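S.K.: One structure is given below, represented as C-alpha cells, and several questions about it will come after.
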Amino acid sequence: MPDTTKLIENLVEKYGKKRESLLPILKGIIEEERYLSEDRMLEVAKALDISGAEVYGTASFYSFLDLKPRGKHIIRVCKTIVCDMKGKNEVLKTIKDCLGINVGETTSDGTFTLLQTNCIGQCDHAPAMLIDGEVYNELNAEKVRNIIKEYKLNRQN
Amino acid sequence: MASQVKRADIIFAPYSEYPYKILGEALKKSPDDIIDALIKSGLRGRGGAGFPTGLKWKFAKKAQGDEKYVVCNADEGEPGTFKDRDILVKVPRKMLSGMGICAHVTGATKGFIYLRAEYDYLKDALQKEIDFFHQHCEKYGLDFHVEIKSGAGAYVVGEETALLNSAEGKRGEPRNKPPFPVTEGFLNKPTVVNNVETFVNAMMVCRIGAEEFAKYGMRGQKGSKLFSIAGDTPKPGVYELELGLTVEELVNEFGDGNTKAVQVGGVSGFCVPSAKFKEKTIGFPGKDDVNYIPTGGSIMLFNHTRSMYHVLENYLEFFEEESCGQCTPCRVGTQQLLKGIKAIKKGKKDPAYLDTLYKLAETMKITSKCGLGQSVANSFCSIVDEFKEEIIY
Ligand SMILES: Cc1cc2nc3c(=O)[nH]c(=O)nc-3n(C[C@H](O)[C@H](O)[C@H](O)COP(=O)(O)O)c2cc1C
Ligand code: SF4
C-alpha cells in the first residue's frame, strides 16, 4: 500500500488544487484503499483548503464513494427491474453461497464485499454485475461460480 | 399488412472516407447557418426532455461570457437505457464531431464528457479517441479541448444542473432553474449540455442536411431515435427506429407474444397497458397531447407472468434511493409511496389508502424541485390506473 500522504499529494498534483478536483481525488483514493476513512477525508480537505464537512458532504452523496471499509474486490449486483426479472436473486444467492456473506458484508479475509446497485446499463444482457470496474453480464449460477473462482485464484494481489 | 416499425441507419452506419471529415467541413460553415439547419431539421434533445437543439445552441452562442463550455451528458442512468453506451463504444467519433461543431457554433473552447461511474470500463478507449480528436482540432484550427469527468454513482446527476454541480466537485444536487445552463452553467459560464445521441444527430444534420434528416420520422415526429429494448423480448438490444411509432408497432416487432404492458421512458416514464398499445405514440407531445409519450430511449416490456405490484415496488425502491433529498415532497414522498403500497399489500392499510398515495404522487409532480421528483407520478399513476387490483391484492 502506498504512503497515503504521498498518494493524496500525487492526486492533487495530477488533478490540480481546485474544488473541481475533489471527485477525481476521492475516486483515486477509493481505487487504492476501497473506501474513504475520516482521516483521508480530512487530509483531502487540508490539501484542497476546504472544510472537512464539505468533503464528507460530497463523498456521502455518491454510492461509489464508500465510507466503510471494503474488501479488495467490490461486487455490485444490479437490482433494478430488468436484472431483477432476469434472475438477479439467483445471482445474489450464488454469490452468498460461494462467499458465505450477505449483502453489505465483507468476507473475513477481506477479499470480497457484496453490494447491490441500481441500473448499470446492461439490461440487454441481464442479469449483470460489476466487480470493481468490470462488467459481467448474462449471468447464471454456474457463470457466477466460475467468476468468483477465477478472482480467488488469479487476482490475489 | 400490419403496420410496422421503420428502421433507420444513420447513427451507427459508417460514414466517411477519412476521420473527422464532417467536422472539417462543418467548421467552414457559419455558426448561424448551422443553427438554422438544426432548427429546420426539427432535432430535439435525445436525453429525454426534448428541448430543440438548434435553439439551445443559439442561446449559448448569444450568451455573454469570456469562457464557454460544451458538455456531453453520458450519465445514462435511467433504468432500461443503454444506447449511449453503444454510441460510446461504436461511434464516439461522431459524438466528438458533434461536440466540436457545437464549440464552433457557440465559441466554447472547453468541453467535457460526464461519464457515469458504471461506464468506467469505457474510459481508456474513449480517451484514445479524444486524443485523436484533439489532433484533428489542431489540424483544422479549432481551439477546443475535451476531457472526461467521471461520475461516482448517482442517478440524479443525469439532471443537467446536478451534473454541473457534480463536475464542479460538489454534491450532485439539482439547481434552481432559471438561470439555465446556456447562460450560467459550469462554473457559472454559458454551457451547452446535450445528450450523447444529440451530438451524434447534430453532426448527422451537418452531414446529410436538415431536409434529409427531417424525412425520417412518422406522425409528425422528426428524425430517427435509438431505442434500448429490454425485458420480456426475444431480442433485447439497441435499435435505431424512426420516431413516431405506436407502442403497438413496437410490440409487434419486439414483443414475446404475451406482452402485458410496456414501460416507455424508463421508470420516470409511463407504463402503457395492452389496451392502449394502439393509441399511444412514441415521440414528443404537442400541447396537451396525452397520446404522445417522450422517451430518452428506454423501452421495457413486461409479459403476463409479471406482477405489476412487484414492478412498481422495484421502481419505488429505485426512486427512494436515488432522491437527492434536497426537497421535502420528493424525499418524503418517495419513502411514503413505497411504505404505503407495501402496507396495503400486507393488509395493514385499507385499499382506499391507495387514493391518498395517488394524490401524494400528483402533489409531488407539482411541488418537487427537479425532474426526478416530478416524474415519480408518471409511472406510479399509470400503473395504479391500470393495475389497481394487482397493487392491492
Ligand atoms: C433525474 C434526471 C435524470 C436525467 N438523466 C439524464 C441522463 O442520464 N442523460 C441525459 O442525457 N439526460 C438526462 N436527463 C436530462 C437532462 O437534464 C438534460 O435535459 C439533457 O441532458 C439535455 O440534453 P438533450 O437536450 O440533448 O437531451 C435527466 C433528467 C432528470 C430530471
Ligand atoms: S425532486 Fe428529488 S431529486 Fe429533485 S431536487 Fe428534489 S429531492 Fe432532489
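The values are calculated or read from the model by the stated rules, or taken from the named source; none is laboratory data. These figures come from a predicted structure and were not determined experimentally. Note that each Cβ is placed from the backbone with ideal geometry, even for glycine, and that neighbours are counted across all protein chains shown. Ligands, DNA and RNA are stripped out before the accessible areas are found, and what is left, the full protein with its side chains, is counted by its heavy atoms. Shrake-Rupley method; radii C 1.70, N 1.55, O 1.52, S 1.80 Å.
S.K.: How far is helix B:371-392 tilted off the main Cα axis of chain B, in degrees rounded to 10, range 0 to 90?
M.R.: 30 degrees
S.K.: Distances over 22 Å make up what percent of all Cα-Cα pairs in the stretch A:73-154? Mind showing how you got there, number by number?
M.R.: On the way: 435 of 3321 pairs.
Taking all Cα-Cα pairs of the stretch A:73-154, the fraction more than 22 Å apart is 13 percent.
S.K.: Quick one: give the max-minus-min coordinate of the C-alpha atoms of the stretch A:4-61 along each principal axis, largest first, in Å.
M.R.: Result, largest extent first: 23, 23, 16 Å.
S.K.: Give, rounded to the nearest 20 debye, the magnitude of the charge dipole that the protein assembly as shown has about its Cα centre when Lys and Arg contribute +1 at Cβ and Asp and Glu contribute -1 at Cβ.
M.R.: Here the protein assembly as shown has a charge dipole of around 520 debye.
S.K.: In a Gaussian network model over chain B where Cα atoms closer than 10 Å are linked, find which of B:Gly45, B:Gly54, B:Gly209 has the largest mean-square fluctuation.
M.R.: Between B:Gly45, B:Gly54, B:Gly209, it is B:Gly209 that shows the largest mean-square fluctuation.
S.K.: Taking every Cα atom in chain B, find the radius of gyration and the maximum pairwise distance Dmax, and write them in Å.
M.R.: That works out to 21.1, 70 Å for Rg and Dmax.
S.K.: Specify whether the C-alpha gyration tensor of the stretch B:19-214 places it in the rounded, prolate or oblate class, a ≥ b ≥ c being the square roots of the eigenvalues: rounded for a/c under 1.5, otherwise prolate if a/b is larger than b/c and oblate if not. Write down the numbers at each step before the final one.
M.R.: Values: a/c = 1.39, a/b = 1.21, b/c = 1.15.
Rounded.
S.K.: As I understand it, the dipole of the protein assembly as shown uses +1 on the Cβ of Lys and Arg and -1 on the Cβ of Asp and Glu, about the Cα centre. Which of B:His136, B:Thr109, B:Gly48 lies farthest toward its positive end?
M.R.: Positive-most Cα among the choices belongs to B:Gly48.
S.K.: Something else now. What is the distance in Å between the Cα centroid of the stretch B:11-43 and that of the stretch B:289-310?
M.R.: The two parts, judged by their Cα centres, are 34 Å apart.
S.K.: Report the normalised scattering of the stretch B:147-305 as log10 I(q)/I(0) at q = 0.13, 0.18, 0.19, 0.20 Å⁻¹, calculated by the Debye formula with identical scatterers on the alpha carbons.
M.R.: Computed log10 I(q)/I(0) values: -0.76, -1.15, -1.19, -1.23.
S.K.: When we measure straight from the Cα of B:Lys29, which lysines land under 24 angstrom away, once same-chain ones fewer than 8 places off are left out?
M.R.: Correct list for B:Lys29: B:Lys21, B:Lys40, B:Lys56, B:Lys58, B:Lys61, B:Lys62, B:Lys68, B:Lys94, B:Lys110, B:Lys139, B:Lys215, B:Lys222.
S.K.: Let me see the pair-distance distribution of the protein assembly as shown: every alpha carbon pair, 10 Å bin width, integer percents in order.
M.R.: Bins of 10 Å from zero give 4, 18, 28, 28, 17, 6, 0, 0 percent of pairs.
S.K.: Continuing with the same structure: Need the list of lysines near A:Lys46 for cross-linking: C-alpha distance under 24 angstrom, and skip anything on the same chain fewer than eight residues off.
M.R.: A:Lys6, A:Lys14, A:Lys17, A:Lys18, A:Lys27, A:Lys68, B:Lys149, B:Lys170
S.K.: Please compute how much accessible surface disappears when B pairs with A, both sides summed, using a 1.4 Å probe, and round it to the nearest 100 Å².
M.R.: It comes to approximately 3000 Å² buried between B and A.
S.K.: About its Cα centre, what dipole magnitude does the stretch A:1-142 give when the only charges are +1 on Lys and Arg Cβ and -1 on Asp and Glu Cβ, stated in debye to the nearest 20?
M.R.: 260 debye
S.K.: Can you give me the % of accessible surface on the stretch B:224-303 that is carbon or sulfur? Probe 1.4 Å, all protein chains present, nothing else counted.
M.R.: 47 percent
S.K.: How big is the charge dipole of the stretch A:4-61 about its Cα centre, in debye rounded to the nearest 20, if each Lys and Arg gets +1 on its Cβ and each Asp and Glu gets -1 on its Cβ?
M.R.: With only Lys, Arg, Asp and Glu charged at Cβ, the dipole is about 160 debye.
S.K.: Just for the Cα atoms in the stretch B:327-382, what are the lengths along the principal axes, largest first, rounded to whole Å?
M.R.: Taking max minus min along each principal axis of the Cα atoms, the stretch B:327-382 gives 33, 19, 14 Å.
S.K.: Another question, if that's okay. Hey, in the GNM for chain B with a 10 angstrom Cα cutoff, which one of B:Ala125, B:Ala154, B:Ala108 fluctuates hardest?
M.R.: For chain B, modelled as a Gaussian network with Cα springs under 10 Å, the answer is B:Ala125.
S.K.: Using alpha carbon centroids, what distance separates the stretch B:74-97 and the stretch B:158-234, in Å?
M.R.: Measuring centre to centre over Cα atoms gives 11 Å.
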